[in-house]
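The values are calculated or read from the model by the stated rules, or taken from the named source; none is laboratory data. Keep in mind it's a predicted model, so treat the numbers as computed, not measured. A quick note on method: Cβ atoms are made from the backbone with ideal geometry, for glycine too, and the neighbour counts reach across all protein chains shown.
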Amino acid sequence: MRKVIVSLILLFAVVKMQAQNQGKFSGNFQSSFNIFVVDSNIGVTESTSPQYATQKTSAEAFLFMNYTNYGFNISARYDLFNNSNLLNPGGSYTGEGLGFWQITKEIDKLSLTAGYFYEQFGSGIVFRAYEDRLIGIDYAVQGISAKYKINDNFIIKGFTGRQKGFQANRFGFANQIIKGVNAEGQRSVKNTHFSGGVSFVNRTLDNESMAKIASEINSMPDIYKRFNPKYNVYAYNTYLNTTIKNFNINLEYVGKTKEAVRNQISAELENKSGKVIQANIGYSKSKLGKKRKGGIGINYQYRYIDNYSFFISPNVKTLEGLLGFVPSLTQQSTYRLLARYMAQAINTGEKGHQADINITLDKNNSILINLADIKELNSSRLFREYYIDYSIKIDKNLRVKAGVQTLIYNQAIYQGKPGHANVKTITPFAEINYKLNKKYSLRSEIQYLNTKQDYGSFANVLLELNVSPHYSFSVSDMINVKPNRYEDNPVPNKILHYYSFFGKYNINTTSFTLAYIKQVEGVNCSGGVCRLEPAFSGVRFTITSNF
């Protein structure tokens, strides 16, 4: 209740300052209301979660406000969760209060921040504080942050604080202290541009966390696996980006000292250091061919992970307490079936490659090729993907894209399902966009995922009507056309339909959506973060607005 009062007082102060001093006031609002409908055919029963059993509904809402004047920037966000499964898909959380507040002051070249802040050092592997509401993530840090701009080419950043955002209490804070400093610079020499930096991050365990870790280590039956845990761990990185005419090279090394870490596969505590090595090489060239209307872009990425996981404590739950984020090496698809088997990073150890080739034949024709190959450090297969699509603009009203994806996916590792065979798929797909006139347009998708593993083969068909500028409607059906069932699969062995109906209304900067959704169990990815989510059946209403 105290946090709610503070939220209202801060909001009143911001509005009052705006009225008196003619500063800049802005913000946004986002909310979601869900109705849960039992459907035993897709494995959604009253035992699935509290929402299906007794609660029947859930809601989340976020109101963000920002005010700038006289070199000050004041921000606040009110968060609400009512019987929400957003933080934990199989659980329920209720809480409301001040989810974010921040005061920043610019003093010449120095920027000081008190309160919550989001930050990233380098690519974010050594440290990343961020939020992703789509999957309930909020890794904000509450503390003090400072940035000093030495000149136009060099900046130093530093912070100290505690992380927020847990499934049991979204408004609580970790007892561990984290500190960090980062220095970045850039320089150009003739046709070559350099940028890069170094970072150093420290996390100190609290006494309660250390006691739990020590107790678990002392209870290990194999005395040779026992070790002396440390309160402090240090992570560091160095990175360099170089652009030479049409070439771009990015290199990064991340290291971490020994600490008690939890094996991502066996869940046992181990005393290990960690490292990540990654490299990106890119080339782009336009105005190719006889008519100089073509172009090509090539990007290659290599990454090596050896026991690198960076959390506030090894005692946290999945997707809690993450300090350094290692993103997926694979491409992120927007198509429903192509995104069904996405590969998150295996922090225990992996090595992999990915390459993108984008060929522009002319302004109407293009080809995209993607190749990805990821293995464990012992060379066991984790993931492999081959992808190609061809896009053509037939005339000013008609665009068509068609392609195919084939992959191998280690379901036992990625989804924690021992005994399940690697999923092997081939998925052809097509998308058609047709503009009827200035007001009406149609978009359709069709995909067919062929596999003998997991739930078996699926077809997905979508039809979308857009009525500019206010309306959008769509209907889709994801059909389990050739079902396959393991013994631990909760759904019946028959053809199943996962219908979705969607409607959207836009008015100025506000959008309203209403959807009826049936969603199969699977991995949901957002921003490179992936998690396994249960099946869903129900109605979802959302409001988003900017002001």
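For this structure, a couple of remarks:
Residue by residue, here is whether (1) out of contact with any helix residue (DSSP H, G or I) (no Cβ under 6 Å at 6 or more places or on another chain); (2) at pLDDT below 90; (3) closer than 27 Å to Phe166 by Cα holds:
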{"position": "Gln18", "(1), (2), (3)": "yes, yes, no"}
{"position": "Asn21", "(1), (2), (3)": "yes, yes, no"}
{"position": "Ile35", "(1), (2), (3)": "yes, no, yes"}
{"position": "Ala53", "(1), (2), (3)": "yes, yes, yes"}
{"position": "Phe62", "(1), (2), (3)": "yes, no, yes"}
{"position": "Gly71", "(1), (2), (3)": "yes, yes, no"}
{"position": "Gly99", "(1), (2), (3)": "yes, no, yes"}
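- Criterion: of a type in the set (S, T, N, Q) and closer than 19 Å to Gly99 by Cα - qualifying residue of Gln167, Gln186: Gln167
- Residue pairs whose Cβ atoms lie under 8 Å apart, separated by 6 or more positions or on different chains, with the first residue in the stretch 323-346 and under 17 Å from Ile388 (Cβ atoms) and the second among the polar types (S, T, N, Q) and at pLDDT below 90, are Ala339/Gln332; Ala339/Ser333.
- In the stretch 86-94 there is at least one residue that is polar (S, T, N, Q) and crowded, with 17+ Cβ neighbours inside 10 Å.
- Of note, Lys272 does not satisfy the criterion of being basic (Lys, Arg), surrounded by fewer than 17 Cβ atoms within 10 Å (Cβ to Cβ) and modelled with pLDDT under 95.
- Failed criterion for Asp389 (all others in (1) of a type in the set (D, E, K, R); (2) buried (at least 17 other Cβ atoms within 10 Å of the Cβ); (3) in a loop (DSSP other than H, G, I, E, B) hold): (3)
- Filtered residues of the stretch 69-85 (kept if over 19 Å from Ile35 (Cα atoms), buried (at least 17 other Cβ atoms within 10 Å of the Cβ) and without any contact (Cβ under 8 Å) to a residue 60 or more places away in the chain): Asn73, Ser75, Arg77
- Scan of the stretch 164-222 for residues that are closer than 28 Å to Asn88 by Cα, in contact with a strand residue (DSSP E or B) (Cβ under 8 Å, 6 or more places away or on another chain) and of a type in the set (Ser, Thr, Tyr), ordered by number: Thr204
- Scanning the stretch 354-378 for residues that are surrounded by fewer than 15 Cβ atoms within 10 Å (Cβ to Cβ) and within 27 Å of the chain's Cα centre (by Cα) gives a single hit, Leu377.
- Conditions (1) out of contact with any Phe, Trp or Tyr (no Cβ under 6 Å at 6 or more places or on another chain); (2) closer than 27 Å to Phe29 by Cβ; (3) assigned to a loop (DSSP other than H, G, I, E, B); number of the one not met by Ala114: (3)
- Checking each residue in the stretch 395-430 for being without any contact (Cβ under 8 Å) to a residue 12 or more places away in the chain and in a strand (DSSP E or B) picks out only Asp395.
- Hits in the stretch 102-149 - residues which are aromatic (Phe, Trp, Tyr), surrounded by fewer than 19 Cβ atoms within 10 Å (Cβ to Cβ) and closer than 17 Å to Gly161 by Cα: Tyr118, Tyr130
- Positions within the stretch 180-203 being over 26 Å from the mean Cα position of the chain (by Cα) and hydroxyl-bearing (Ser, Thr, Tyr), in sequence order: Ser188, Thr192
- In the condition set (1) crowded, with 16+ Cβ neighbours inside 10 Å; (2) more than 27 Å from the chain's Cα centre (by Cα); (3) of a type outside the set (Gly, Ala, Ser); (4) within 30 Å of Glu252 (Cα to Cα), Phe25 is compliant with all but (4).
- Qualifying residues in the stretch 506-547 (those that are among the aliphatic types (A, V, I, L, M) and at pLDDT 75 or above) - the one nearest to Tyr335 (Cα to Cα): Val520
- Those residues of the stretch 34-67 which are of a type in the set (Gly, Ala, Ser), farther than 20 Å from Glu487 by Cα and in contact (Cβ under 8 Å) with a residue 60 or more places away in the chain, in sequence order: Ser49
- Hits in the stretch 170-193 (condition: small (Gly, Ala, Ser) and either modelled with pLDDT of 95 or more or assigned to a strand (DSSP E or B) (or both)): Gly180, Ala183, Gly185, Ser188
- Residue in the stretch 439-460 that is at pLDDT 90 or above, out of contact with any helix residue (DSSP H, G or I) (no Cβ under 9 Å at 6 or more places or on another chain), at positive phi and in a strand (DSSP E or B) present: yes
- Residues in the stretch 137-169 that are within 27 Å of Gly196 (Cα to Cα), part of a strand (DSSP E or B) and either touching a helix residue (DSSP H, G or I) at 6+ places or on another chain (Cβ under 7 Å) or among the aliphatic types (A, V, I, L, M) (or both): Val141, Ile144, Ala146, Ile150, Ile155, Ile156.
- Per-region count, the stretch 443-501, residues of a type in the set (A, V, I, L, M, F, W, C), closer than 17 Å to Lys518 by Cβ and surrounded by fewer than 18 Cβ atoms within 10 Å (Cβ to Cβ): 8
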